[in-house]
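The structure under discussion appears below in the form of C-alpha cells.
The values are calculated or read from the model by the stated rules, or taken from the named source; none is laboratory data. If you're wondering where the values come from, they're calculated on a predicted model, not measured in any experiment. Note that each Cβ is placed from the backbone with ideal geometry, even for glycine, and that neighbours are counted across all protein chains shown. Ligands, DNA and RNA are stripped out before the accessible areas are found, and what is left, the full protein with its side chains, is counted by its heavy atoms. Shrake-Rupley method; radii C 1.70, N 1.55, O 1.52, S 1.80 Å.
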Amino acid sequence: MEHKWVSVFCHCNPLNLRALLLIFFVLLCSNLSQSVDLYPDDKASVLLFRSCLQDPSQSLSSWVGSDCTNWTGITCENQTGRVVSVNLTNMNLSGQIHPNLCKLPFLEHLVLSGNNFTCTIPLCFGTLRSLKTLHLGYNRFYGTVPDTLMRLWQLKELVLNGNKDLGGLIPWWVGNFSAQLEKLDIGFNSFHGEIPESLLYLKSLKYLDLGNNNLSGTLSDFHQSLVFLNLGSNQFSGTLPCFSACVQSLRVLNLANNSVMGGMPTCMASLQALKHLNLSFNHLSYELSPRLVFSEKLLVLDLSNNDLSGHLPSKIAETTEKSGLVLLDLSHNRFSGEIPLKITELKSLQALFLSNNLLVGEIPARIGNLTYLQVIDLSHNSLSGSIPLNIVGCFQLLALILNNNNLSGEIQPELDALDSLKILDISNNKISGEIPLTLAGCKSLEIVDFSSNNLSGTLSDAITKWSNLRYLSLAQNEFSGNLPSWLFTFQVIRMMDFSGNKFSGFIPDGNFNMSINFKNRELDKMQREPFGTVHNADTKVFIIVTGSTELSFSYVLSSVVGIDFSNNVLDGEIPVGLFGLRGLQYLNLSHNFLQGRVPDLEKMWSLRALDISHNSLSGHIPGNISSLQDLTLLDLSYNCFSGFVTKKQGYWRFPGAFAGNPDLCLESSDGGCDPASLPVVPGNALEGEEDEGWISVWVFCLSAFLSFYFGGLALFCSPRARNYILQTKA
C-alpha cells in the first residue's frame, strides 16, 4: 500500500501536487472549524438522561459545552442543532432511562445496545414519531413490549435481542404497524406463543430473527422476499415449507433445534440465493432425493442430528472453481453405504462432518484432492481399510477425527506433512505398528488420542516435538518398555493416559511441575461436576464461517487434569514429586507392582480421584486428607498397608478404600481397632465381585454335575438297584 502511494505521487507534477495539498488542507480546516450548537431543549433532555446513568468508563464525559460534534454518541442536524441520533453502543452504561429522553421530537436513530440498562422498555418511546431505528439489544430490559411502539409508523429497524427477561407474546400489531419495517430482531429472549399471522405477510420485511425463544406452533410459509430468516432454537413443529416467495432473495435460513419433521422437499434446492442452510437438531427423516441439488452459492449446509437415512447423495450441491460448499455437516443421522467419490469434487470444502452414521467401506483415496479442508470428522461409523496416504494432500488440515471405526493398517510416516494438525484422534480402531519417528513433523498437535488400538513398541521420541500437547492418550494398546524421562516436560498438558499397556520399570522422577495445569489449582465449572462425567475427554469443535468463504476453527477440551498409568507392569516407588502436584485432579496408578511407602497427599489440593489399588505398597496410611474437600473417589485396596488409621486423618469418608489390607486397622466408633474388611469399593472392586460371582456359579454347577454323575454310577452298580431298574424298563 505504501509503495502505491509513492508511485502515485511520483507521477504527479509538483505544481499539481501543491495545489492538491492546498485544497485538502482547506477542506480539512473547514471541517474542523464547523461546529453545531445543540438545541437548548434537546441539550437539557440528554443531560437529564445522563443524570440517571452509571457511567464507570466515563464514556459520556465529553457531554459538556454546547458543540454537538464533541458529544460522544450524539449527532445533530447541522442547521437546527436538533438531536437526530443517539448511539451509545457498548459503553458499559447502566441504570434507568429518564423520560426526558423521549423529548427529542426529531430523533431518528436510538441505539442503546450492549449496555446494562435494567428496566422495562419505556412507554414514552412511542412518542418518538420520527424514529427509524430502535436498537435495545443485549441489555437487561424485562417485561413485555409496550403497545405504544405501534405508533412508530416510520420505523425500519426494531432490535430487542439478548434481553433474557423480555418476553410474553409477540405483539399482534408487529406485522402491520409500520409499512417500512425491514428488520425485526427479538432473538435470545423469552417470547412464547405463535408467530402473528400479520408478520408472514409484511412485504417490507427483509431480516427476521426470532431465534432462541420459546415460540411454538406449526411452521408456516412466509409471503415476502426475506433475505435472512432465523427461527432456530424454538419449539416449532410441522413440515418444511418451500419458501417460494423467497426463491430469489433468501440467503440465510436457520431452523435448527426445533421439532420439524417429515422429509427434505426438493423445492428447497430452488432457493437460488441461499448461502447458509441449517436444519440440524430436528426430526427430519427419509432419504435425500437425488434431485435435491443446491446451487453453487450455498456455502454452509448443516443437516446434522436428524433421522435422515439411505445412501449419502452423490451430488448435493453444484460447484465451480471459485465457489461451492465450505461446510458440510451430515453427522448424527442414519446414512448408510459408502462415502461417495463425488464428495471429493467439492473443491471449496473446508469442513466435512459425517460422524455418527452407519457408513461402511473405505475412506475415498481421492480425499486429498480437497486441499482446503481444515476439519475431517468421520468418527463413529463402520469404515474399514487404512487411512489413505493421499490424505496428506489436505495440507491445511487442523483436525483429523477418525475414532470408533474398523480402520486397520499402520500410521503412515508421510502424515508428518500435516504440520498444521492440532487434533488427531484415531482411537477405537484396529491400527497396528509403531508410532513413526517422522510424526515429529506434526509440531502443532495439541490433542492426540491413539487409545484402544493394536499399537506397539516403545514410546517414540517424536512425541517430544509436540510441545503444545494438551491431551495424550495411548491407553489400551500393546506399548512396552520403560517410561521415558521426558514424559513430564509438556508445559500445557492436561491429561496423560497410558493405562492398559505393558510399560515397565520405574515412574520417572523428574520435574513434575513443568505443566501449568499440574502445578496450579484450577477453578472452573468442571470442579462442580460429578467426577464420572468428566473422566473421559470431550472435544467440541466449533466452526464459524466469518466471511464469504472464510472459516474460523476453534475447539473446547473438557477433561480433568490427570495422569493414568494403571494396568501396566510398573514397579519401584512412587516419586514424591508426583504427590506434590497442586493442580492434579485425577491420579490412577492401580494394577501395577509399585512398592514402598505412599507420599503425603496434603499438597494435592485439587485431587478428586486417587486409585493406587492392587499394588504392593506398604507402610502406614499417609498423613491427613481432611483438607482435600474435592476428593470424592479413593481406592487404596489390595496392598500391604499396616498400622492404625484414625478418624482424625479424614479417611472415614471412604470406608471401602482399604479392602484387602489385612494388617491395617481402622478406628472404630468406640476408639478401638477394626480390621480392614471387604466393603464395596467403587471401580475395580465391583468388577472383582462380579468375577467371583461367576466363578461361584461355575463351581456350583460343576460340583452338582459330578455329584449326580458319581451318585448315579454308584446306584447303577448296586445289584439290587440294577435289577429294579431293568425290571421297570421291561
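Expressed in nm to one decimal, what extension gain is obtained for the pair THR120 and GLU410 from 0.36 nm per residue of sequence separation less their Cα-Cα distance? Present the calculation step by step, with values, prior to reporting the outcome.
On the way: separation 290, 0.36 × 290 = 104.40 nm, distance 6.41 nm.
Value of the extension gain: 98.0 nm.
Of the beta bridges DSSP finds with both residues in the chain, what % are antiparallel, to the nearest 5? If you can, show how the numbers build up before the last one.
Details: 17 of 128 bridges.
Close to 15 percent.
If we sort 441-454, 35-48, 98-111 on the protection proxy, mean other Cβ atoms within 10 Å, highest first, what's the order? Kindly include the intermediate steps, with their values, before the conclusion.
On the way: 441-454: 20.9, 35-48: 17.3, 98-111: 19.1.
Taking the mean over residues of other Cβ atoms within 10 Å, the ranking is 441-454, 98-111, 35-48.
Counting C-alpha atoms alone, how compact is segment 366-478: give Rg to one decimal and Dmax as a whole number, in angstrom.
Cα only, segment 366-478: 12.7, 36 Å (Rg, Dmax).
Summing -39500 (n - 2.57) over the DSSP H runs of n ≥ 4 in the chain and dividing by its residue number, what mean residue ellipticity at 222 nm do you reach, to the nearest 500 deg cm²/dmol?
On the way: 6 runs with 90 residues, N = 730.
Result for the chain: -4000 deg cm²/dmol, rounded to the nearest 500.
Estimate the FRET efficiency between ASP67 and ARG140 by the formula 1/(1 + (r/R0)^6), using the beta-carbon distance for r and 51 Å for R0, to the nearest 0.05. Numbers along the way, then the final one.
Values: r = 33 Å, r/R0 = 0.64.
The pair ASP67/ARG140 has a calculated efficiency of 0.95.
Suppose R0 equals 45 Å. What FRET efficiency, 1/(1 + (r/R0)^6) with r the Cβ-Cβ distance, do TRP173 and ASN369 give to the nearest 0.05?
Numbers: r = 55 Å, r/R0 = 1.22.
After rounding, the FRET efficiency stands at 0.25.
Candidates (1) 444; (2) 180; (3) 303; which is the computed volume of the Cα convex hull per residue in Å³?
Here the calculated entry is (3).
Between PHE395 and TRP486, how high is the FRET efficiency from 1/(1 + (r/R0)^6) when r is the Cβ-Cβ distance and R₀ = 35 Å? Nearest 0.05. Working shown, then result.
On the way: r = 28 Å, r/R0 = 0.81.
Working from the Cβ atoms, E equals 0.80.
At 4 °C and a viscosity of 1.567 mPa s, what translational diffusion coefficient does Stokes-Einstein give for segment 84-128, taking Rh as the Kirkwood radius over Cα pairs? Give it in µm²/s as a whole number. Please report the intermediate quantities before stating the final value.
Values: Rh = 11.1 Å.
Using the Kirkwood radius from Cα pairs, D works out to 117 µm²/s.
Which whole number of Å³ per residue matches the convex hull of the alpha-carbon atoms in segment 236-304?
On the way: hull volume 5.3 nm³, N = 69.
Roughly 77 Å³ of hull volume per residue.
Using Cα centres only, tell me the gap between segment 574-648 and segment 152-210 in whole Å.
What the calculation gives is 60 Å, centre to centre.
Enter the Cα centre distance for the pair segment 431-505 and segment 381-429, rounded to the nearest angstrom.
16 Å
For a quick check of understanding: with a 1.4 angstrom probe and all protein chains in place, what accessible area in square angstrom does SER66 have, to the nearest ten?
Only protein atoms counted, so the area is about 50 Å².
Starting from the Cα-Cα distance between SER216 and SER204, subtract it from 0.36 nm times their residue separation and give me the gain in nm to one decimal.
Details: separation 12, 0.36 × 12 = 4.32 nm, distance 2.41 nm.
So the chain would gain 1.9 nm between SER216 and SER204.
Might you tell me the accessible area per residue for the chain, computed with a 1.4 Å probe and given in Å²? Mind dumping the intermediate values first?
Values: 34380 Å² over 730 residues.
Value returned for the chain: 47 Å² of accessible area per residue.
Does a label point 7 Å from the Cα of GLU197, set along Cα-to-beta-carbon, have any residues of segment 139-178 with amide nitrogen under 18 Å, and which are they?
Only 170-177 fall inside the zone, counting backbone N under 18 Å.
Would you work out what percent of the accessible area of the chain, with all protein chains in place, is carbon or sulfur (probe 1.4 Å)? Could you put the intermediate results ahead of the total?
Details: 18920 of 34380 Å².
Roughly 55 percent of what the probe reaches on the chain is carbon or sulfur.
Which far-off residues, 5 or more places away or on another chain, put their amide H under 5 Å from the one on GLY572, with H placed in the peptide plane?
GLN595
Whose amide H sits under 5 Å from the amide H of GLU287, counting only residues 5 or more places off or on another chain, with H placed in the peptide plane?
It is SER309, by chain and number.
DSSP H helices in the chain with Cα extent of 20 Å or more along the helix axis and mean Kyte-Doolittle hydropathy at least 1.6? Present the calculation step by step, with values, prior to reporting the outcome.
Values: long enough: 14-33 (28 Å, 1.71); 684-717 (50 Å, 0.83).
Once both thresholds are applied, what remains is 14-33.
Quick one: of LYS156/LYS206; LYS275/LYS422; LYS103/LYS132; LYS275/LYS322, which pairs are farther than 20 Å apart, Cα to Cα?
Going by Cα-Cα distance, LYS275/LYS422 fall outside the 20 Å limit.
Work out, step by step, the length gained on full extension between ASN87 and VAL556: first 0.36 nm times the residue separation, then minus their alpha carbon distance; give nm to one decimal. If you can, show how the numbers build up before the last one.
Details: separation 469, 0.36 × 469 = 168.84 nm, distance 3.52 nm.
Once the chain is fully extended between ASN87 and VAL556, it gains 165.3 nm.
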